[in-house]
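Trainee: So that we are looking at the same thing, I have put the structure below in structure tokens.
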Amino acid sequence: AGLHEYFRNSDIIHMANYAQTVNVIGCIKTTKTSAFFDTTALPLMLYRREFGSVPLAVTGNHSERAIDIAAAKTNDGNVITIGVVNPQSKPQTIGLTVDGVKLQPTATVWRIDGNDPDAINTAKKQSVGIVEQKNVPLGDHITVPAYSVNLFRVSVR
């Protein structure tokens, strides 16, 4: 949701820095014998790799439901990405209307989720990760699981 706020304000925010990358508050944790990604690394990696670069306006009453949504298109305009963060303990369904373009009927979705909002990754157990699903049907509604970050990538027809 914090990344979404940067994207919504990219007309005034031109750069944001992550203060510490390794250990303590960082995205990469290390032990004497291993290194692994903390859960905070996952949205940063996912959005950097897959989210579009041209912000799109998002309207609606999703903030009343505590869901955060951001959208963007790729520089060539051939792909739209929709990020949906659901911090709630129940799945949420939202309406989807995209003005000005027609979308393909399926999307690729990357999801970061889990049953426990306090789940962490350790050197011995990676409890949280990014899961990719291809050819997910995309209609006039999107349903996202509880405690999840969801990134939908759909081609424009």
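The values are calculated or read from the model by the stated rules, or taken from the named source; none is laboratory data. Just so it is clear, the model here is predicted, and its values are computed rather than measured. As a convention, Cβ positions derive from the backbone with ideal geometry for all residues, glycine included, and neighbour counts pool all protein chains shown. The accessibility values were calculated without ligands, DNA or RNA, using every heavy atom of the protein model including side chains. Shrake-Rupley method; radii C 1.70, N 1.55, O 1.52, S 1.80 Å.
Trainee: Among residues belonging to the range 129-145 that are closer than 30 Å to residue 31 by Cβ and touching a strand residue (DSSP E or B) at 6+ places or on another chain (Cβ under 6 Å), point out the one that is least open to solvent (accessible area, probe 1.4 Å).
Mentor: Only one residue fits best here, namely 130.
Trainee: Residues of the range 102-122 being aliphatic (A, V, I, L, M) and open to solvent by 50 Å² or more (accessible area, probe 1.4 Å), which ones?
Mentor: Once the filter is applied, which keeps residues that are aliphatic (A, V, I, L, M) and open to solvent by 50 Å² or more (accessible area, probe 1.4 Å), the range 102-122 yields only 120.
Trainee: Within the range 59-78, can you find the residues that are hydrophobic (A, V, I, L, M, F, W, C) and under 13 Å from residue 4 (Cα atoms)?
Mentor: 67, 69, 70, 71, 72
Trainee: Now for a different question. Please give the strands (runs of 3 or more DSSP E) falling wholly within the range 36-138 in which 3 or more residues are basic (Lys, Arg), under 14 Å from the mean Cα position of the chain (by Cα) and closer than 18 Å to residue 154 by Cβ.
Mentor: Working: elements: 54-56, 68-73, 79-86, 92-95, 106-113, 131-137.
Per the criteria, no element qualifies.
Trainee: Would you say residue 84 is among the β-branched types (Val, Ile, Thr), open to solvent by less than 80 Å² (accessible area, probe 1.4 Å) and modelled with pLDDT of 95 or more?
Mentor: Working: among the β-branched types (Val, Ile, Thr): yes; open to solvent by less than 80 Å² (accessible area, probe 1.4 Å): yes; modelled with pLDDT of 95 or more: yes.
Yes, satisfied.
Trainee: Another question, then. Residue by residue through the range 50-64, note down the ones that are surrounded by fewer than 20 Cβ atoms within 10 Å (Cβ to Cβ) and either under 17 Å from residue 109 (Cβ atoms) or touching a strand residue (DSSP E or B) at 6+ places or on another chain (Cβ under 6 Å) (or both).
Mentor: Selection gives 50, 54, 55, 56, 58, 62.
Trainee: If you go through the range 125-157, how many residues are closer than 19 Å to residue 68 by Cα and of a type in the set (Ser, Thr, Tyr)?
Mentor: Final tally of qualifying residues: 3.
Trainee: All but one of (1) open to solvent by 30 Å² or more (accessible area, probe 1.4 Å); (2) touching a strand residue (DSSP E or B) at 6+ places or on another chain (Cβ under 6 Å); (3) among the hydroxyl-bearing types (Ser, Thr, Tyr) hold for residue 148; state the number of the condition that does not hold.
Mentor: All conditions are met except number (1).
Trainee: Quick one: is residue 81 among the hydroxyl-bearing types (Ser, Thr, Tyr) and under 18 Å from residue 7 (Cβ atoms)? Even if it seems obvious, please write down each step before you answer.
Mentor: Numbers: among the hydroxyl-bearing types (Ser, Thr, Tyr): yes; under 18 Å from residue 7 (Cβ atoms): yes.
Here the answer is yes, as residue 81 does meet what is asked.
Trainee: Could you please give the count of residues in the range 26-49 that are among the aliphatic types (A, V, I, L, M), touching a Phe, Trp or Tyr at 6+ places or on another chain (Cβ under 9 Å) and either surrounded by fewer than 12 Cβ atoms within 10 Å (Cβ to Cβ) or without any contact (Cβ under 8 Å) to a residue 60 or more places away in the chain (or both)?
Mentor: Count: 2.
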